[in-house]
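The values are calculated or read from the model by the stated rules, or taken from the named source; none is laboratory data. Just so you know, these numbers come straight off a predicted model, no measurement behind them. A quick note on method: Cβ atoms are made from the backbone with ideal geometry, for glycine too, and the neighbour counts reach across all protein chains shown.
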Amino acid sequence: MLRAAVDAGADAVYIGLKDATNARHFAGLNFNDRQARQSIAYARDRKVKVFMAINTYAQPDTMHRWHRAVDLSQELGVDAVIAADIGVLAYAANKYPQLNLHLSVQGSATSVKALEFYANEFGVRRAVLPRVLSLPQVKQLAANSPIDLEVFGFGSLCIMAEGRCFLSSYVTGESPNTFGACSPASAVRWEETDSGRESYLNGVLIDRFAADEKAGYPTLCKGRFRANGEQFHVLEEPTSLNTLQLIPELDKAGIVAVKIEGRQRSPAYVSRVVKVWREALQDYRRTQSAFTVKRDWMDALGSVSEGAQTTLGAYSKPWQ
Amino acid sequence: MKLSAGPVLYYWSEHKLREFYQQMANLPVDIVYLGETVCPKRREILPEQWVELGRQLAASGKEVVLSTLTLLECRADLAQVKKMVDNGEFLVEANDMAGVQLLIDHKLPIITGPAVNIYNHETLQLLHCKGLVRWVMPVELGRDSLASIVRRADLGDAVQTEVFASGRIPLAYSARCYTARAYNLPKDNCQLKCLEHPGGMVMENQQDQELFVLNGIQTMSGYEYNLIHELDTMRRIGVDVVRISPEPEGFAQRVEALRRALDGEPPAAQALLASDQCDGYWFGRPGMERCHAQQEVSAC
């Protein structure tokens, strides 16, 4: 997976350890110490940076795991640690003043003052913005931010402010903050019934699909429910975020990096998406104001998107 | 332990809000949180009017705290928080790290609401050094985590602990307004539809289960949280304040029931939780579960 991203042209790759210290806590993902060392060497040899995600919220009785993840990151010599928990950031900043710290999207910082807190207290140098700001709001924030900003460019569309969504723990007991997982696979159940194929999350019906419909993963915020007398995707349709067309605006705003979600995906997905983005960024560098999104990029990204639809999400005001 | 009334999370008319707080003056709550915490478009009562209302409640013996916006999206939102921080009279509850930073800038005492992520003792200790005097536990945490945080932080009386114990649980915040979406309206032209839903808009699944309640950009629990049976445990852990979150119906009765329970009267009439209530989070379980109703809570 990491190799797929490196080979396809990513500038930096996020990795996480095999435990609940990062927000992609799923079977088969993430690294043990030895794999992490090998992967970092692979990326380094190709001048690609490695960021260690330690971005869940630490539990009091097991804080040593988060500390250990920070210690290991320092030892491995990663290019940055990305964290959200104030206790974890404090530990890293105190123990390793030279360690480059980024604020995870789970830190939910959406304003200059919130960013200031993390910059002042822990010397955080970059923050990933939650997917709740419109493009003009991103620009305004970037113009005044005390630190570098990174935004989500492509992947799943979290529609709630990250780090502040407890829908998953309300239904399953496990949330991104506490466990590093949303709508976890262990809670999913499928049932074939006379009224269609039903998807459940911890026994709660999320959606029901007719025979000719593509049945999507039962992410809590993307099911069909009833509100105000209608049955529809009350919170959001199964779509993916795709911001290729915003590249010029994001660049002009001074956004230093766009983030592509990849760790829950196949190497083929990662490779395809990263290649398209690399090509688009290079094309933009060359063409600047004449930049246009190419049809085959959109087709390539559309074919790997959830529900085969893409959206600009909160960057676009009408979405809100 | 003290009893607090959290900020009104719904969009109520000015008339309803004023009536509600008039009644509050005579209810046995010790602390009242005032202010808009969900949507900056809800301006039935403006920041300076909240302060005025605070003075009236303070005059009737309540401790008043001004509460602030949770999701800040633009400079105007930040300015609204700043206005509350600059009130010059009352303590302020920050629901976002921006509010925390503004309080630090002004060297003011900090109270954090449930949307500020304090998940461990090291976070609590650091914020204490910055001026934290009270924190509300994040809603998805339970008694075991809380006991551990309080014990390990070992801050004694320096920081008070408050638990959200009654009312629909605020679960998520979004750039999108779900109430406007349910009316097929854009957020920019929402026509203030939330005013028509003083208890939010129920969202059911296709099996008629009330899963969530939509409250503008906020998503709340479909069931109401009720920890009235857990006050003894809270006392043992060292909880200082128990919060009731305002609901449009039955608020006075819930306050009185909690007050009686706090005063030591066993909640005999409520041996089980009602079917539209939940307490799972407190027991380290999925939030929507009803654990008190089980024979063996530990097996719930």
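Counting the residues of the stretch A:285-310 that are hydroxyl-bearing (Ser, Thr, Tyr) and surrounded by fewer than 19 Cβ atoms within 10 Å (Cβ to Cβ) gives 4. The single condition among (1) out of contact with any helix residue (DSSP H, G or I) (no Cβ under 9 Å at 6 or more places or on another chain); (2) more than 18 Å from residue A:73 (Cα to Cα) that residue A:24 does not satisfy is (2).
Taken over the stretch A:148-195, the criterion of being at the interface with another protein chain (Cβ under 10 Å from one of its Cβ atoms), over 24 Å from residue A:110 (Cβ atoms) and surrounded by fewer than 24 Cβ atoms within 10 Å (Cβ to Cβ) is satisfied by A:173, A:174, A:187, A:195. Against the criterion of being of a type in the set (A, V, I, L, M, F, W, C), touching a residue at least 12 places away in the same chain (Cβ under 8 Å), out of contact with any helix residue (DSSP H, G or I) (no Cβ under 7 Å at 6 or more places or on another chain) and not assigned by TED's automatic domain parsing to the domain that holds residue A:221, residue A:273 does not qualify.
Would you confirm whether any residue within the stretch A:119-131 is facing chain B (nearest Cβ under 9 Å), more than 15 Å from the chain's Cα centre (by Cα), closer than 19 Å to residue B:100 by Cβ and aliphatic (A, V, I, L, M)? There is no residue in the stretch A:119-131 that is facing chain B (nearest Cβ under 9 Å), more than 15 Å from the chain's Cα centre (by Cα), closer than 19 Å to residue B:100 by Cβ and aliphatic (A, V, I, L, M).
Residues checked against (1) closer than 22 Å to residue A:57 by Cα; (2) at the interface with chain A (Cβ under 8 Å from one of its Cβ atoms); (3) touching a strand residue (DSSP E or B) at 6+ places or on another chain (Cβ under 8 Å):
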| site | (1), (2), (3) |
| --- | --- |
| B:83 | no, no, no |
| B:93 | yes, no, yes |
| B:106 | no, no, no |
| B:110 | yes, no, yes |
| B:115 | yes, yes, yes |
| B:119 | yes, yes, no |
| B:129 | yes, no, no |
| B:133 | yes, no, yes |
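Residues in the stretch A:267-320 that are away from chain B (no Cβ under 14 Å), assigned to a loop (DSSP other than H, G, I, E, B) and within 20 Å of the chain's Cα centre (by Cα): A:303, A:304, A:305, A:309. Report yes if residue B:158 is within 22 Å of residue B:117 (Cα to Cα) and in a loop (DSSP other than H, G, I, E, B), otherwise no. For residue B:158, the condition - within 22 Å of residue B:117 (Cα to Cα) and in a loop (DSSP other than H, G, I, E, B) - is met.
To keep it simple, each residue is scored yes or no on (1) part of a loop (DSSP other than H, G, I, E, B); (2) buried (at least 23 other Cβ atoms within 10 Å of the Cβ).
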residue: A:65; (1), (2): no, no
residue: A:68; (1), (2): no, no
residue: A:110; (1), (2): yes, yes
residue: A:115; (1), (2): no, yes
residue: A:118; (1), (2): no, yes
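Matching residues to (1) within 9 Å of chain B (Cβ to nearest Cβ); (2) closer than 22 Å to residue B:153 by Cβ; (3) touching a Leu at 6+ places or on another chain (Cβ under 6 Å):
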position: A:57; (1), (2), (3): yes, yes, no
position: A:61; (1), (2), (3): yes, yes, no
position: A:68; (1), (2), (3): no, yes, no
position: A:77; (1), (2), (3): no, no, no
position: A:87; (1), (2), (3): yes, yes, no
position: A:92; (1), (2), (3): no, yes, yes
position: A:98; (1), (2), (3): no, no, no
position: A:103; (1), (2), (3): no, no, no
position: A:111; (1), (2), (3): yes, no, yes
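Just wondering, is there one or more residues in the stretch A:33-50 that are touching a residue at least 60 places away in the same chain (Cβ under 8 Å) and assigned by TED's automatic domain parsing to the domain that holds residue A:262? Looking for residues that are touching a residue at least 60 places away in the same chain (Cβ under 8 Å) and assigned by TED's automatic domain parsing to the domain that holds residue A:262, one finds none in the stretch A:33-50, hence no.
Inside the stretch B:210-253, residues that are closer than 22 Å to residue B:146 by Cβ and either buried (at least 21 other Cβ atoms within 10 Å of the Cβ) or hydrophobic (A, V, I, L, M, F, W, C) (or both) make up a count of 18. For the stretch A:225-256, filtering for residues that are of a type in the set (D, E, K, R) and either at positive phi or crowded, with 20+ Cβ neighbours inside 10 Å (or both) leaves 1.
In the set (1) at positive phi; (2) crowded, with 22+ Cβ neighbours inside 10 Å, the condition left unmet by residue B:67 is number (1).
Among the residues making up the stretch A:73-107, those that are out of contact with any strand residue (DSSP E or B) (no Cβ under 7 Å at 6 or more places or on another chain), part of a helix (DSSP H, G or I) and under 21 Å from residue A:42 (Cβ atoms) are A:74, A:75, A:76. Elements of the type helices (runs of 4 or more DSSP H) sitting completely within the stretch B:1-88 and holding at least 2 residues that are touching a residue at least 60 places away in the same chain (Cβ under 8 Å): these cover B:14-24. Take residue A:23 and tell me if it is under 15 Å from the mean Cα position of the chain (by Cα) and either over 25 Å from residue A:281 (Cβ atoms) or at pLDDT below 95 (or both). Here the answer is yes, as residue A:23 does meet what is asked. Across the stretch B:162-200, the qualifying residues are those that are more than 13 Å from chain A (Cβ to nearest Cβ) and surrounded by fewer than 22 Cβ atoms within 10 Å (Cβ to Cβ), and the one among them that is farthest from residue A:63 (Cα to Cα) is B:191. Quick check on residue A:250: is it closer than 21 Å to residue A:51 by Cβ, assigned by TED's automatic domain parsing to the domain that holds residue A:22 and either part of a helix (DSSP H, G or I) or without any contact (Cβ under 8 Å) to a residue 60 or more places away in the chain (or both)? Taking the combined requirement at face value, the residue satisfies it.
Checked against the criterion of being assigned to a strand (DSSP E or B) and either within 22 Å of residue B:291 (Cα to Cα) or touching a Phe, Trp or Tyr at 6+ places or on another chain (Cβ under 6 Å) (or both), the stretch B:249-268 has no qualifying residue.
So, in the stretch A:137-161, how many residues would count as being at pLDDT below 95 and not in a strand (DSSP E or B)? The qualifying residues number 3.
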